[in-house]
Each structure stands twice: as C-alpha cells, then as structure tokens.
Amino acid sequence: MKKKIDNEAESRCTLIISTFMRPKALDIVLKSVANQSLMPAEVIIADDGSNPETSQLIKSWGYSLPIIHSWIPNTDFRAARARNCAVLKASCSYLVFIDGDCMLPSNFIERHLSLKSPGKIVAGGRSLLSKDVSYRILMEVNSGSKHLFSGFKFMNIPLGRLRDLRPKNWASVRTCNLGIHRTDALSVSGFDENFIGWGREDSDFILRLLRAGIRIRSGRLAVCVNHLWHQESPRGRLSNNDQLLAQTMIDKHSAAKKSSIEHL
C-alpha cells in the first residue's frame with residue numbers, strides 16, 4: 001500500500017521534472033512517479049516550450065497527480081530558465097530535480113528524503129539504458145518490468161558518513177537526479193540563464209552552491225534513475241557555455257548571479 005504524503009515538513013518535497021518535446025517519455029516517467037511508495041507533495045513540469053501535445057498529457061495526469069505545468073516559450077534551449085521558473089512555483093522547502101526521460105524506482109522519493117540534510121545537496125546516480133531497451137519501454141513492451149530497477153546501482157546500501165567524504169566533488173552532480181533545499185537554491189539566485197543551449201549550467205550551479213557553503217552528499221547506491229536513451233542534443237553553444245563555466249571557476253568570490261532567479 002502506498003504511503004500518502006502527510007503535513008510534516010520532513011516528508012514533503014516538490015518534484016521538478018524538466019522536459020522538452022518528449023511527451024511519450026514524460027508519460028513513462030509520470031507513471032513511475034505515480035508508483036512511488038512516498039508521493040511528492042507536488043510535481044512541477046519545467047517545460048522549455050513544448051507543443052500542445054505535452055500540455056494535454058500533463059492535463060490528463062492532473063486527475064491522479066498533484067501536477068503543475070510550468071511552461072516558457074520555445075525560443076532556444078533554455079533549461080536554466082525553465083528550472084528557475086519551476087523553483088519559483090514550488091511550495092515545498094525541499095526540491096528533487098529529475099529529467100523528463102528518467103524513470104524512477106518506486107522508493108525514489110522516500111530514499112531521497114531519507115538522505116536530505118541541512119546545508120547539503122543530494123547527488124543521485126543514473127543508469128543509462130540502451131537504445132533498444134529504451135525503444136521497447138517507449139512502445140510499452142516492458143515499461144513496468146521490475147527488472148529494470150534490479151541492477152547494482154539501484155541497491156540501497158547504508159554508507160553512513162562515507163556519503164559525505166567528497167563534499168566538493170562537483171563533477172559528480174547532475175540535475176537529472178538532484179535533491180536540494182529550496183532556500184539553498186535561492187541563496188545563489190538559481191541557475192544562470194546566460195547558459196543557453198546544451199551543457200554546463202548544472203556545473204555552474206553546483207560550483208556557486210559550493211562557494212556559498214553548501215556541500216555535496218553522495219546519493220549513489222541509494223537513489224538512482226533509469227535514463228532513457230535519446231540522440232544527443234545540438235551542442236553548437238557548448239564552447240560559449242564552457243567559457244561561462246571557466247569564468248565561474250575563476251571568480252572564486254561570486255555565488256549569486258544577476259541573470260538568475262531573483263531577476264525573473
């Protein structure tokens with residue numbers, strides 16, 4: 001029997017799901033959300049300008065999930081702004097970020113909340129599914145198969161203090177599986193919206209969090225997602241984003257950025 005989310009702050013979170021033009025994948029992900037042992041208090045879809053098909057899908061899920069559609073116009077690849085808008089709409093003090101092509105094991109939210117700690121983010125893992133397996137899931141051949149979450153990465157190993165041994169390992173963090181206190185995200189003004197196109201906005205975000213005193217807790221072997229295969233996104237802006245990230249690494253005294261959430 002599924003646990004209902006209660007009114008205690010410790011068992012409440014907002015699940016933020018980033019998406020763009022992949023309604024079939026999003027539908028599979030939302031099915032895994034609906035199967036959680038501990039439901040999030042709300043689910044916000046951070047939509048970077050998808051077409052009405054995605055909107056209709058989200059509306060259909062409104063009958064069974066506490067879902068909010070946070071949509072921005074499709075002017076470019078703007079994951080940073082889409083996430084910032086979702087954070088502003090969140091009502092919970094704790095946020096869990098995933099991507100709209102990441103399937104969740106049934107205990108995902110429950111385990112994430114068990115690892116949260118003041119002043120720390122939780123960096124979860126991912127298992128990359130093959131093109132063939134992903135196709136079969138999207139065609140609903142084996143989307144509900146429990147064996148998809150039976151691998152080593154999905155084990156729950158109580159590592160205790162070992163999870164905090166590398167508190168500044170920023171390269172290990174991906175926003176496709178990240179838990180963070182909302183106040184910590186706001187303290188650095190969210191994601192830098194100068195990052196347009198694929199890449200590096202999550203690394204910039206984590207580096208600025210570290211500069212603000214936030215530390216990293218490893219969620220490996222506790223919280224993992226199954227990442228559906230997809231073709232690589234265009235990377236024409238990557239060199240520009242690399243330069244922005246390099247500037248963040250040089251500027252060792254800056255945490256918040258003017259182009260971010262407080263200026264929406």
If you scan the stretch 45-95, which residues turn out to be of a type in the set (Lys, Arg) and within 14 Å of Asp27 (Cβ to Cβ)?
-> Lys59
Does at least one position in the stretch 30-41 carry a residue that is free of Cβ contacts under 8 Å to residues at least 24 places away in the same chain and not β-branched (Val, Ile, Thr)?
-> no
Name the residues in the stretch 114-130 that are more than 17 Å from the chain's Cα centre (by Cα) and either hydrophobic (A, V, I, L, M, F, W, C) or modelled with pLDDT under 95 (or both), would you?
-> Leu129, Ser130
Looking at (1) in contact with a strand residue (DSSP E or B) (Cβ under 8 Å, 6 or more places away or on another chain); (2) more than 24 Å from Ile216 (Cβ to Cβ); (3) aliphatic (A, V, I, L, M); (4) without any contact (Cβ under 8 Å) to a residue 60 or more places away in the chain, which is the one condition that is false for Leu129?
-> (4)
Starting from the stretch 112-123, keep only residues that are at positive phi, then list their pairs with residues that are assigned to a helix (DSSP H, G or I) and of a type in the set (Val, Ile, Thr) whose Cβ atoms are within a distance under 6 Å, requiring at least 6 positions of separation or different chains.
-> none
Unique match (being of a type outside the set (Ser, Thr, Tyr), farther than 30 Å from Lys31 by Cβ, surrounded by fewer than 22 Cβ atoms within 10 Å (Cβ to Cβ) and modelled with pLDDT of 95 or more) among Arg211, Arg237, Arg215 | Arg215
Please go through the stretch 222-234 and pick out each residue that is modelled with pLDDT under 80 and surrounded by 13 or more Cβ atoms within 10 Å (Cβ to Cβ).
-> Ser233
Criterion: within 20 Å of Gln243 (Cβ to Cβ) and surrounded by fewer than 22 Cβ atoms within 10 Å (Cβ to Cβ) - qualifying residue of Gly160, Gly197 | Gly197
Scan the stretch 171-198 for residues that are assigned to a loop (DSSP other than H, G, I, E, B) and farther than 17 Å from Arg81 by Cα and report the count.
-> 1
Checking Leu113 against (1) in contact with a strand residue (DSSP E or B) (Cβ under 6 Å, 6 or more places away or on another chain); (2) farther than 19 Å from Asp48 by Cα, the condition it does not meet | (1)
Residue ID - farthest from Val225 (Cα to Cα), chosen from residues in the stretch 32-61 that are within 17 Å of the chain's Cα centre (by Cα) and of a type in the set (D, E, K, R) = Asp48
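Listed here are the residues, each with its yes/no results for (1) at pLDDT 95 or above; (2) under 30 Å from Asp132 (Cα atoms).
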residue	(1), (2)
Trp170	no, no
Trp198	no, yes
Gly219	yes, yes
Ala246	no, no
Asp251	no, no
Leu264	no, no
May I ask you to verify whether Lys24 is of a type in the set (Lys, Arg) and touching a Leu at 6+ places or on another chain (Cβ under 6 Å)?
-> yes
In the stretch 165-185, anything more than 25 Å from His230 (Cα to Cα) and either touching an Asp or Glu at 6+ places or on another chain (Cβ under 6 Å) or surrounded by 17 or more Cβ atoms within 10 Å (Cβ to Cβ) (or both) is listed as Ile180, His181, Arg182, Asp184, Ala185
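The values are calculated or read from the model by the stated rules, or taken from the named source; none is laboratory data. Note that the structure is predicted; figures quoted are calculated from it, not measured. For neighbour counting, all protein chains shown are included, and Cβ atoms are generated from backbone atoms with ideal geometry for every residue, glycine included.
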